[in-house]
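As structure tokens, the structure follows; a few thoughts come after it.
Please treat every number below as a calculation from the coordinates, not as lab data. Everything numeric in this text was worked out from a predicted model, so none of it was measured. For neighbour counting, all protein chains shown are included, and Cβ atoms are generated from backbone atoms with ideal geometry for every residue, glycine included.
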């Protein structure tokens, strides 16, 4: 774990190597906010990434979602998820789904992707498998514009938890 | 090499695996334009990526440049460049620089990065080492706004050449 002073002292290569995947497979987020150093604290770092995500055109927001893997999808089965995604899906209990739950999630994932053109993204660490299965079925009823916004808000939550696993949340700085 | 029909038939995973690095380390570009299929030809594919780059906020454009390695920099020495960058830097003759040229490039790279906050990016395949050395010295005199634009235009040229190494340029479609 780093404190924020150490984060601010990192050179660019080390910064990207630590923070390049706080948004899944999307190192442009960390690269874009590099100029905003020094960061006051981990919340400030997070806020800069959120602002960058908000400034992306809709195609870019869709791209951010598309860079996320399906929950309990093919990559999970192959063991090819990023380290971060593996831990998150495990924390949600997705590795303990029954065959029936797996099939429901797989089929609903496919419907979701067909309807919206991007995958279902949810902050797995803040949801257990039951909530995730319920969530995907409900969110399938939304419009694409609604799901684009909801998906990006979930990306921001995932990002904060990933940041908090790297940087000490020193509230005395706030 | 793929023709454009085969490109349009790729599923998303295969599309990202083929096109994820047409902009260096920046797979959001390919992910963002996925919705624009079918592509008429490789030029159309390129145009969509250029439009996406143009829509990025300035911080995002800076991020795109920052994801590029220094020419003949540390990553090249370590053999840690992407396959594409290795071939491009070799094509420009950067692997045959004299020690004096190497030192000039290294020093000017550092000055450039200090002045602008992002690395010097040039389409190496369209320039020989002499032109690159001359280019970096000249471009160091520009403003940051000018270099942001010039850098992104170079990214677009690099992207077109990378696309043309993947997709057949079938002019009969145009």
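Return A:125, B:162 ranked ascending by Cβ neighbour count within 10 Å, so the fewest neighbours appear first.
With the sparsest Cβ surroundings first, the list reads A:125, B:162.
Run the label-point distances for residue A:131 please: 7 Å along Cα to Cβ, every other copy, nanometres, shortest first.
5.7
Which whole number gives the average, over all residues in B:51-60, of C-beta atoms from other chains lying within 10 Å of the residue C-beta?
5
When A:25, A:142 are ordered from fewest to most other Cβ atoms inside 10 Å of their Cβ, what list results?
By the 10 Å Cβ count, ascending, the order reads A:142, A:25.
Order of B:71, A:140 from fewest to most other C-beta atoms within 10 Å?
So the residues, fewest neighbours to most, are A:140, B:71.
Efficiency by 1/(1 + (r/R0)^6): what FRET value for residue A:80 and residue B:78, r their Cβ-Cβ distance, R0 = 25 Å, to the nearest 0.05? If you can, show how the numbers build up before the last one.
Numbers: r = 25 Å, r/R0 = 1.01.
Calculated transfer efficiency: 0.50.
Considering Cα pairs under 8 angstrom that are at least six residues apart, work out the relative contact order of segment B:19-174 and quote it in whole percent. Before the final figure, lay out each step's value.
On the way: 154 pairs, mean separation 49.8, N = 156.
Result for segment B:19-174 is 32 percent.
Tell me whether segment B:1-92 comes out rounded, prolate or oblate; compute the Cα gyration tensor, take square roots of the eigenvalues as a ≥ b ≥ c, and use a/c under 1.5 as the rounded threshold.
Oblate.
Taking the C-alpha atoms of segment A:69-162, how large are the radius of gyration and the largest Cα-Cα span, Dmax, in Å?
Spelled out, the Cα radius of gyration and Dmax of segment A:69-162 are 12.3, 32 Å.
Once you place label points 7 Å from the Cα toward the Cβ at residue A:165 and residue B:106, how far apart are they in nm?
Taking the simple label geometry, residue A:165 and residue B:106 are separated by 3.7 nm.
Using helices alone, what [θ] at 222 nm do you get for the protein assembly as shown, with -39,500 (n - 2.57) per DSSP H run of 4 or more residues, divided over all residues and rounded to the nearest 500?
-18500 deg cm²/dmol
For a test of the definition: using alpha carbon positions, the gyration tensor, and the 1.5 limit on a/c, classify segment A:63-109 as rounded, prolate or oblate.
Working: a/c = 1.93, a/b = 1.28, b/c = 1.51.
Taking the square roots of the gyration eigenvalues as a ≥ b ≥ c, segment A:63-109 is oblate.
Can you give me the distance in nm between label points at residue B:114 and residue A:98, each placed 7 Å from the Cα along the Cα-to-Cβ direction?
Between residue B:114 and residue A:98, the label points sit 6.6 nm apart.
State the three equivalent ellipsoid semi-axes of the protein assembly as shown, derived from the C-alpha gyration tensor as the square roots of 5 times its eigenvalues, in descending order and whole Å.
Whole-Å semi-axes of the equivalent ellipsoid: 36, 26, 17.
Let's test this: bin the Cα-Cα distances of chain B at 10 Å from zero up to the farthest pair and state each bin's percent.
Cα pair-distance distribution for chain B, in percent: 10, 38, 33, 16, 3.
Work out the mean other chain Cβ neighbour count within 10 Å for the residues of B:67-77 and drop it here as an integer.
1
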